[in-house]
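These notes concern the structure reproduced below.
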Amino acid sequence: MNQVPHPDPQIYELLQELWQRHLPSTRERLDLLDNAARRAADGCLDRTSQIEAQSIAHKLSGNLGMFGYKEAGEVAGDIEHTFKAPSPQAIALLGEKMRRLRELLASHL
């Protein structure tokens, strides 16, 4: 995945430090989304959990974009929209979207 570095080296360094501090919450959010995607695919995701998953995906999308992981942020945004307005077709693609998101972030986690 191509992280878009900030043109100012000092800001880039600061963003890298912040990314390292946010890694535990990023990993936790990914795990929660994986769980929600599996439950949605099984038809076992209640409305409260759906709303929570949407919120988690929204936060993850914003954070990834802020840290320069544009493509991963876009995938997280797609996942957010799926949880916001789920359809059988969209839910069927959640597992693939989560695999793509993890693939994009694999070397950065």
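In plain terms, the residue of Glu96, Glu52 with the fewest other Cβ atoms within 10 Å comes first and the most crowded comes last, giving Glu96, Glu52.
Comparing Leu18, Leu60, Leu93 in a Gaussian network model of the chain (Cα springs below 10 Å), the most mobile by mean-square fluctuation is Leu18. Which one, His22, Gln89, His108, is farthest towards the positive end of the dipole of the chain when Lys and Arg carry +1 and Asp and Glu -1 on their Cβ? The listed residue farthest towards the positive side: Gln89. Here the chain is treated with +1 on each Lys and Arg Cβ and -1 on each Asp and Glu Cβ, and its dipole about the Cα centre works out to around 220 debye.
Summing Lys and Arg as +1 and Asp and Glu as -1 over all other residues whose Cβ lies under 14 Å from the Cβ of Arg39 gives a net charge of -3. The lysines whose alpha-carbon is closer than 18 Å to the alpha-carbon of Lys70, local same-chain residues fewer than 8 away aside, are Lys59, Lys97.
For the chain, the longest principal axis of the Cα atoms and the long axis of helix 88-105 meet at an angle of about 20 degrees. Say each of Ala92 and Ser25 gets a label point 7 Å from the Cα, pointing the same way as Cα to Cβ; how far apart are those two points in nm? About 3.7 nm separates the two model spin labels.
Residue order for Thr26, Thr48, fewest other beta carbons within 10 angstrom first, comes to Thr48, Thr26. GNM on the chain, alpha-carbon springs under 10 angstrom: the most fluctuating residue among Gln20, Gln89, Gln50 is Gln89. Helix 70-84 and the longest principal axis of the Cα set of the chain meet at an angle near 20°.
With a 10 Å Cβ neighbour count serving as the proxy for reagent exposure, in which order, fewest first, do His58, His108 appear?
In order of increasing Cβ crowding within 10 Å: His108, His58.
Computed from the coordinates by the stated procedures, all read-outs in this text should not be read as laboratory data. Keep in mind that this is a model prediction, so the values were computed, not measured. All Cβ positions, even for glycine, are placed from backbone atoms using ideal geometry, and neighbour counts span all protein chains on display.
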